[in-house]
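Working notes for the structure below.
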Amino acid sequence: MEIQPKQPTVKAPPETFTGDAWFDVIAKGEEPSRIRVSLVRFAPSARNAWHAHAVGQTVHVLDGLGMIQSKGGTVVEIRPGDTIRTPPGEWHWHGAAPEHFMTHLAMWEAPAEGPETEWGELVADAEYLGQESKSTQKEPSV
Ligand code: MN
């Protein structure tokens, strides 16, 4: 057994986050474990950039009100108790609602080789608010 003391909280970098978010690293497994767990606190309107996890990710909301979107889908509200599974390679973003803090646990694994996460564009305000132009939305199926 090993009791690991709490590590300092880290500010999320502006290259991959819009607004203010902080994370605490809870687990970073040593081989053969490749588990990664972070507690992430988002201020109102804060969100991460579009990204995809090589081995997928599970997010569990602990507090507040959040938003999540997968590429090609709509922006969805997420609430405490919700668990959201994102499959490997699926592009998405997650963060707080405009007027609410949100805290979630993020759990993922590093791949055997290569980067854990691929990062893309920051999420623009209109995109975050679900106001994308029609041309970028999915065609209706009817
Ligand atoms: Mn993610």
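The values are calculated or read from the model by the stated rules, or taken from the named source; none is laboratory data. Predicted model only: the values in this text are computed from it and were never measured. So basically every Cβ, Gly included, is an ideal-geometry build from the backbone, and we count neighbours across all protein chains shown. These accessible areas exclude ligands, DNA and RNA; they are computed on the full protein's heavy atoms, side chains included. Shrake-Rupley method; radii C 1.70, N 1.55, O 1.52, S 1.80 Å.
Below 8 Å, C-alpha to C-alpha, sequence gap of six or more: please give me the relative contact order for the chain in percent.
27
State in Å² the accessible area per residue of the chain; use a 1.4 Å probe, count heavy atoms of protein chains only, and round to the nearest integer.
Heavy-atom accessible area per residue stands at 61 Å².
Starting from the Cα of Lys11, draw a straight line to each of the aspartates and glutamates and keep only those under 13 Å, dropping any in the same chain fewer than 8 residues away.
Reachable aspartates and glutamates: Asp20, Asp24.
Share of the chain's accessible area from carbon and sulfur, percent, 1.4 Å?
For the chain, the apolar C and S fraction of the accessible surface comes to 56 percent.
Out of Trp91, Thr58, Gly19, whose Cα points farthest toward the positive end of the dipole of the range 10-129 (charges: +1 Lys, Arg; -1 Asp, Glu; placed on Cβ)?
Towards the positive end, the residue furthest out is Thr58.
Based on the mean of other beta carbon atoms within 10 Å per residue, what is the order of 36-48, 110-122, most packed first?
Going from most to least packed, we get 36-48, 110-122.
Could you work out how much longer the chain between Glu31 and Thr74 gets when fully extended? Use 0.36 nm per residue separation minus the Cα distance between them, nm to one decimal.
Answer, rounded to one decimal: 11.8 nm.
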